[in-house]
Structures are given as structure tokens and as C-alpha cells.
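Have a look at the structure below, then the notes.
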Amino acid sequence: MDLKDQVEQADIRLRPHVVQTAVKQAPWLGNDVQLKLENQQHTGSFKARGALNRLLQTDQTSPSRGLVAASTGNHALAVAWAAGKTAIDDVLIYAPGTITQSKKARLESMGLTVEIHGDDCMEAETQARRMAAETGRCFISPYNDPAVVAGQGTVGTELTRQIDHLDAVFVAVGGGGLISGMAAALKSRWPDIQIIGCLPTRSPAMLRCIEAGQIIDVECSPTLSDATAGGVEPGAITFELCRDHVDDWVLVDETEIMNAVSLVKQHGMSIEGAAGVAVAAYQQTRTRWTKSHVAIVICGGNTGD
């Protein structure tokens, strides 16, 4: 089954459980721009879709020793929520040392066990996979899993039901699960749509890997877009998907991210830094889209405040 079909099946599977998030016109951004509000999703981000799709396809005997994941917040919240939906009560999270104390406290308040490992998400993911292999826990990847990618892609499937036509969509990119799944859904409906990957200059891992033609270690620095920070796991399925289906890439700096988050807040929405990356990327390139129908994915609203 190809990814497009997997996304369609995930949409059917998830529809009774997830929020079909709103699409909102944003005339204050200019042109014909609509925001896909995944900050309204369960747990405050799109991550709930992938985590639940993964668990709904898991043999219920396999997670009997619990779940393990790596996250700075959003993926952990999603795994916890999905575990609750599937009656699993033992969830271990590995987080890098960059996680904020407020996010760590929030995860622990939900009953999760949070252990700090390494300085970035890649190191935490490596340890989580090691723990899964040693203990028999079920590892839930934030992006390197076809079921997770398909679940994230249902954001795109919803857009095809909510909007008559799109010329471009702006999506923040970390490990590439969201943009890969969305590209499969959107290009099956609108083959000429431009899929725009948006990254912070301080953590441009996926783009640098694609430029190198292979997954490489990329030096990353702390960024306001902590949800997209860190490297790409060796062997990640999203590398080839992003290489083949993302049409253009935009890098934004920390000032652009901060200004984008502030602008959206002025219009009544609280968004996280990763969502600000997508808004900032559109603002940086807006003259390209004066006659285009554009969507920007507001991927989450968990600010950690």
C-alpha cells in the first residue's frame, strides 16, 4: 500500500477520535491565506494523529510492557493521550536536556516517567530505541514510522475537504513526518501544489541532509522552534519522502520566528515557535504568492509558558 492509500485509511481510522481542526482566513497576512489550526487538536498539536494511528494498528499484546518515546513535549503529550485511548498506562519518555522545566513538569503531572538523556532529540531517540530493544517496550517514533507519517498526513486530507483549491502549503519541518504525509495527501488531489518546507536557521537538519544527498549529522543550536529541533535519525523514511515531494525550502531566523508568533498573538491566537516558523517563511516569500491560494499549518500551540 503506498503512502497516499495509507493516509486515506488513517483518515477513516482517526476521524471518530481526532478534531477536524478549523481553517481560518488570515487577511492580515495579505493575499489569499488560510491557517490550518492544529493548535486546536487534542494535546495542542498535530502529533496526536500520528501517535494514535500507530497505536490503533498495534497488536494489543505488543505494548504489554509499556510504551517508550523521545520528545521535548508535543510527541510525549500525544503518546500519553493515545495510550489513554487504547488503555495503556505505562509510558516512559526520554527528553533531551533542552526540554523546559515547565514542559517536563507538565508531562510528569500526566503520570509519565520522564528521563533526561543527551543534548538533542536525536540522542534521546537513540536511547529510547535502545530501551525498547532491551525491555520489550513498544517504541513510538515521532516520524520514522509509516503509520505515524500516515496519521500526520490526515491534516492534508482534511484540507482537501475544507478548501476548494490550494496552490501552496507552508509546513514546519523537523523530522519530516507531517510534511511527508501531507504531501502524499495534497498532491493526490492537487498535483501542482507547491509543498514548502520551513525550518529555523539554527536547526535546518532535514534540508542539510537533502543538500548532502544523504542523512548526515547536522550541527544545531537552540531555537524558539524547539518542536522541530534536532537531527534526522539514520535510515529515516522521511528523508526520501521529503527529498522527492517537498518543492521548496525556506529558512527563517529567530527574529523572524519571534515576530511571526507575536503577530499571530495580536490576532487572538497563541502559537508555538514551530508554527511561527511556517508563518515567518510565508512572510519572507509572500511576494511570490500574490495571486495564489495558500495555507499555513499552525502545527501547535504548546508554548511551555
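The C-beta contact set for segment 186-207 (first residue touching a residue at least 40 places away in the same chain (Cβ under 8 Å), second residue among the aromatic types (F, W, Y) and surrounded by fewer than 24 Cβ atoms within 10 Å (Cβ to Cβ), distance under 7 angstrom, 6+ apart or interchain) comprises G197/W249; L199/W249; L207/W249. Of all residues in segment 21-53, those satisfying the criterion of being surrounded by fewer than 17 Cβ atoms within 10 Å (Cβ to Cβ) and out of contact with any strand residue (DSSP E or B) (no Cβ under 9 Å at 6 or more places or on another chain) are W28, G30. Being surrounded by 24 or more Cβ atoms within 10 Å (Cβ to Cβ) and in the same structural domain as D164 (by TED's automatic domain parsing) is a property that V250 lacks.
V68 satisfies every condition listed in (1) among the hydrophobic types (A, V, I, L, M, F, W, C); (2) closer than 26 Å to A278 by Cβ; (3) touching a helix residue (DSSP H, G or I) at 6+ places or on another chain (Cβ under 9 Å) except (2).
When residues in segment 182-212 are screened for being assigned to a loop (DSSP other than H, G, I, E, B) and under 11 Å from L166 (Cβ atoms), 3 of them pass. Here L107 passes the criteria (1) at pLDDT 95 or above; (2) in a helix (DSSP H, G or I); (3) crowded, with 18+ Cβ neighbours inside 10 Å except the one numbered (1). Pairs please, first residue from segment 239-250 and farther than 17 Å from L3 by Cβ, second anywhere and of a type in the set (A, V, I, L, M) and at pLDDT 95 or above, Cβ atoms under 7 Å, 6+ apart in sequence or on different chains. From residues that are farther than 17 Å from L3 by Cβ, the pairs are D248/I196; W249/L199; W249/L207; V250/I196; V250/A281.
Pairing each residue of segment 1-14 that is touching a residue at least 12 places away in the same chain (Cβ under 8 Å) with any residue that is surrounded by fewer than 20 Cβ atoms within 10 Å (Cβ to Cβ) and of a type in the set (S, T, N, Q), provided the two are 6+ apart or on different chains, yields C-beta distances under 7 Å for K4/S188. The set of residues from segment 233-250 being under 17 Å from the mean Cα position of the chain (by Cα) and outside any helix (DSSP H, G or I) comprises E233, A236, V246, W249, V250. Before we move on, is E256 outside any loop (DSSP other than H, G, I, E, B) and free of Cβ contacts under 8 Å to residues at least 40 places away in the same chain? Yes: the conditions hold for E256.
The values are calculated or read from the model by the stated rules, or taken from the named source; none is laboratory data. Since this is a predicted model, take the numbers as computed values, not measurements. With ideal geometry, Cβ positions are generated from the backbone for all residues, glycine too; neighbour counts draw on all protein chains shown.
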